[in-house]
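All remarks here apply to the structure that follows.
The values are calculated or read from the model by the stated rules, or taken from the named source; none is laboratory data. In this text, all values refer to a predicted model and were calculated from it rather than measured experimentally. Here Cβ is always computed from backbone atoms with ideal geometry, including for glycine, and neighbour counts include all displayed protein chains.
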Amino acid sequence: MRKKWVFLICLILYLIGGFFWCNPWIVKEISGNYVSGEIPEILVNERGEKGDFSWNGHYALIRLEDVNPASDPTSLEECIELLKNKNVPFSIALIPIYKNPEQNETLYLHEKPELIRLIKDSGATIVLHGCTHQYDGETGVDFEFWDEISDGPLKVNNTEYATSKIELALEELEKCGLTAEIWETPHYTSTDEVAKVVSQYFSKIYEGYDGKLTINKFGQIVIPTNLDYVRGDQPVQSVFEMLAKGEYISSSGDKDIVASFFYHPFLGTDYLRMLIGGLKKQGYKFVGPEECIRVFYRQFEHAQ
């Protein structure tokens with residue numbers, strides 16, 4: 001009997017040790033916070049609350065990325081519910097038409113009523129993320145307004161092509177009873193001709209640069225994505241890097257810099273939960289892009 005208990009205890013210690021070995025960031029988080037007397041983020045309750053919140057003066061923005069007619073509604077819904085339960089405003093980067101030429105597959109958003117309902121009920125700000133997010137490859141993987149093989153412009157009339165793609169995307173949104181006032185170029189890559197066409201339809205865009213909100217040469221408000229995103233092949237390392245960058249921004253004296261990132265719903269909710277908790281702990285206030293833009297406009301007009 002004694003041997004049985006010794007074996008059981010050893011097994012439990014082995015499992016606990018294995019867990020912390022595979023998740024060294026938890027040891028760092030708990031030990032570091034207990035030393036400072038703070039509550040470890042991992043022990044925070046489900047709503048991410050741990051007492052008084054001290055705003056660091058910076059805003060944080062979350063964008064759920066590459067949502068399209070082929071997306072899994074379940075993983076998207078789980079991310080949406082997490083964000084809503086934690087009272088975190090967010091946007092959805094929406095691709096209204098999915099294409100996979102290799103499989104001869106085309107899916108339209110209006111064919112997915114469950115997904116449309118989910119998007120509408122989410123309360124998210126819709127960001128139009130291209131029309132198909134592809135030219136001759138698969139949606140979400142391929143570029144739409146750039147030839148990645150030659151690393152140059154598409155060999156088409158880029159102005160006419162961009163106009164037709166944007167019009168087609170807007171028509172698809174209209175069929176679904178959706179609208180979008182913010183644009184995000186697939187992989188943030190296009191030509192000046194395409195960018196000029198986009199500016200005729202959208203006065204606000206997302207880009208992938210570091211820095212503050214700014215106004216570009218086309219007169220558009222440009223929102224940065226300076227924390228980047230969670231990489232599927234290295235999710236925990238990505239979270240660490242993003243939170244480290246968030247800490248750096250938070251410690252800066254420039255309150256105009258936001259912490260902005262995007263997240264793929266198919267990764268589940270765990271890494272998104274870590275980022276929300278970590279950024280809240282650093283003192284960030286989560287807002288939607290429209291609210292962030294309103295603050296920017298007030299500051300911009302005041303400076304003029």
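For Lys155, state whether it is buried (at least 17 other Cβ atoms within 10 Å of the Cβ), in contact with a strand residue (DSSP E or B) (Cβ under 8 Å, 6 or more places away or on another chain) and basic (Lys, Arg). No.
Only residues that are basic (Lys, Arg) and part of a helix (DSSP H, G or I) were counted in segment 83-104, giving 1. Scanning segment 186-244 for residues being over 22 Å from Leu94 (Cβ atoms), in a strand (DSSP E or B) and basic (Lys, Arg) gives a total of 1. All told, Thr179 meets the bar of being touching a residue at least 24 places away in the same chain (Cβ under 8 Å) and either on the phi > 0 side of the Ramachandran plot or under 20 Å from the mean Cα position of the chain (by Cα) (or both).
Selection of segment 268-283 for residues being more than 24 Å from Asp72 (Cβ to Cβ) and in contact with a strand residue (DSSP E or B) (Cβ under 6 Å, 6 or more places away or on another chain) yields only Leu279. Of all residue pairs spaced 6 or more apart or on separate chains, those with beta-carbon atoms under 6 Å, a first member in segment 193-205 that is buried (at least 16 other Cβ atoms within 10 Å of the Cβ) and a second member that is part of a strand (DSSP E or B) are Val198/Trp183; Phe202/Trp183; Lys204/Ile182; Lys204/Ile221; Ile205/Trp183; Ile205/Val222.
Among the conditions (1) free of Cβ contacts under 8 Å to residues at least 60 places away in the same chain; (2) buried (at least 16 other Cβ atoms within 10 Å of the Cβ); (3) not β-branched (Val, Ile, Thr), Gln237 misses just one, which is (2). Residues that are among the small types (Gly, Ala, Ser) and part of a helix (DSSP H, G or I) within segment 245-258 comprise Gly246, Ser250, Ser251, listed in sequence order.
More than 25 Å from Glu144 (Cα to Cα) and either buried (at least 16 other Cβ atoms within 10 Å of the Cβ) or within 17 Å of the chain's Cα centre (by Cα) (or both) - does that describe any residue in segment 261-269? The answer is yes, given that some residue of segment 261-269 is more than 25 Å from Glu144 (Cα to Cα) and either buried (at least 16 other Cβ atoms within 10 Å of the Cβ) or within 17 Å of the chain's Cα centre (by Cα) (or both). Can you pull out the residues in segment 281-291 that are in a loop (DSSP other than H, G, I, E, B) and closer than 21 Å to Glu181 by Cβ? Val287, Gly288, listed by residue number. From the list Thr125, Thr139, Thr132, Thr106, the lone residue that is touching a strand residue (DSSP E or B) at 6+ places or on another chain (Cβ under 6 Å) and without any contact (Cβ under 8 Å) to a residue 24 or more places away in the chain is Thr106.
Tell me, yes or no, whether segment 134-150 has at least one residue that is buried (at least 23 other Cβ atoms within 10 Å of the Cβ) and among the aliphatic types (A, V, I, L, M). No - not one qualifying residue is present in segment 134-150. You will find that of Leu109, Leu94, the residue that is under 15 Å from the mean Cα position of the chain (by Cα) and either of a type outside the set (S, T, N, Q) or modelled with pLDDT of 95 or more (or both) is Leu94 and no other. Listed by first and then second residue, the pairs with beta-carbon distance under 8 Å, at least 6 apart or on different chains, first residue in segment 76-96 and within 15 Å of Met274 (Cβ to Cβ), second at pLDDT below 95 and charged (D, E, K, R), are Lys86/Arg47. When segment 259-280 is limited to residues that are part of a helix (DSSP H, G or I) and out of contact with any Leu (no Cβ under 9 Å at 6 or more places or on another chain), the one that is farthest from Ile249 (Cα to Cα) turns out to be Leu267.
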